[in-house]
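Since every read-out is calculated from the coordinates, none of them should be taken as a lab result. Keep in mind the model is a prediction, meaning the values are calculated, not measured. Every residue, glycine as well, gets a Cβ built from its backbone with ideal geometry; the counts of neighbours run over all protein chains shown.
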Amino acid sequence: MSEKQPRSVAFNVLKGGMGKTMVSKNTACELAREDSVLLIDLDDNGHLSRHLGFEEEFFDGYHIGEAMTKRINVELEDLVHDTGFGFDFIPATHRIEQLEGFFRGRASEVEVLRNQIVEPWLGSRYDYILFDTPANRSLATKNAVVAARNLVVPVVSGVQGDDGINSTIKRIHKPLNERLDAGVRILGLIPNKINQRLDQQTNDRKLLENINTRDGITRWVPNFARIPDEIWTEIDNGALSSTPKPGIRYDGDLDKEAPLRYVNDESQQLEYFEEIANIVRYGGVSRNDNIADEIRKEHGGSSA
């Protein structure tokens, strides 16, 4: 983990339904409580844009490639909107797939967003620039990852979650990390939509046990989703009086169009998005070495 500094981050996973829209929107909101933030929607389904109230722009607006061509009387700055939630936003449009052709017409086809947006705006206009990417290996996705050089990877349980983690590491993170001099870093792996018990062999348990024990990825797990090895043992042998509930839990408030802080400012899960915001600010997870004792204290373990 590094010091707090301006940073660009892509919310990326090569699978749909992983919670990218929800996690990116709420992270932007929490970052914006202290810092200037731009969130860019590159996903052609436009869920994030429509969630934030930009349905008209999604169906009738210009996409960023059109503004970059200078062939129309629209500048990039004209596409930036105030969300009313503390952060700025560039919506997707239903024609955003046309970006593929725009990118392919450039000499450095995967560096367009970095050259046109991140380098001129990061650190001067915005402290943080975030991308919500498509769930595929399109040029839009590659542009966002190359522009950001940092990834936050939301995941859910089940086969699709396993596929999403493995595909993102093998097909996005690893090849671009090898290709780029500065590399691409995964800052956080964010389990969400959790709603099953952990004291039984549920899909949620399998996901959380996998990311908490698998070599090479445990360092990406936020503290709110961290379960040390000894706690799994205590869950199984009944040493805790209640079962921990790590990860972002399924919550109807998170399905609302507005960020969670504007829906329910007393939600316990706000602290999870605060941690993700700090992962972005400081470039990684700041591990709490007392997690096991804190879990025992909260759930009636032997050291409580």
Inset, instruction - Would you mind pulling out the separation of the Cα centroids of region 1-54 and region 150-197, in Å? - result: 15 Å
Legend entry - Inter-label distance for ARG249 and PHE59, nm, one decimal - labels placed 7 Å from Cα along Cα-to-Cβ: 3.8 nm
Legend entry - Dipole moment magnitude, nearest 20 debye, the chain about Cα centre, only Lys, Arg, Asp, Glu C-beta charged: 1000 debye
Inset, instruction - Select from THR218, THR243, GLY65 the residue farthest towards the positive end of the dipole of the chain; place +1 on Cβ of Lys and Arg, -1 on Cβ of Asp and Glu, and compute about the Cα centre. - result: THR218
Legend entry - Gyration tensor verdict on region 219-288 (Cα atoms; rounded if a/c is under 1.5, prolate if a/b is larger than b/c, oblate otherwise): oblate
Legend entry - Long pairs among LYS20/LYS256; LYS142/LYS193; LYS25/LYS206; LYS4/LYS142; LYS20/LYS193, criterion Cα-Cα beyond 21 Å: LYS142/LYS193; LYS25/LYS206; LYS4/LYS142
Legend entry - Net length gained if the chain between ASN237 and THR69 were fully extended (0.36 nm per residue, minus Cα distance): 54.2 nm
Inset, instruction - Among the aspartates and glutamates, select those whose C-alpha is under 14 Å from the C-alpha of LYS70, and discard any that sit fewer than 8 residues away in the same chain. - result: ASP78
Inset, instruction - Using only Cα atoms, tell me the angle between helix 20-31 and the longest principal axis of the chain; keep it within 0 to 90° and round to the nearest 10. - result: 90 degrees
Inset, instruction - Take peptides 93-99, 231-237, 36-42 and line them up by average Cβ neighbours within 10 Å, highest first, as a rough protection proxy. - result: 36-42, 93-99, 231-237
Legend entry - Degrees between helix 203-213 axis and first principal axis of the chain (Cα, 0 to 90, nearest 10): 90 degrees
Legend entry - Translational D in µm²/s for the chain (Stokes-Einstein at 25 °C, 0.890 mPa s, Kirkwood Rh from C-alpha pairs): 124 µm²/s
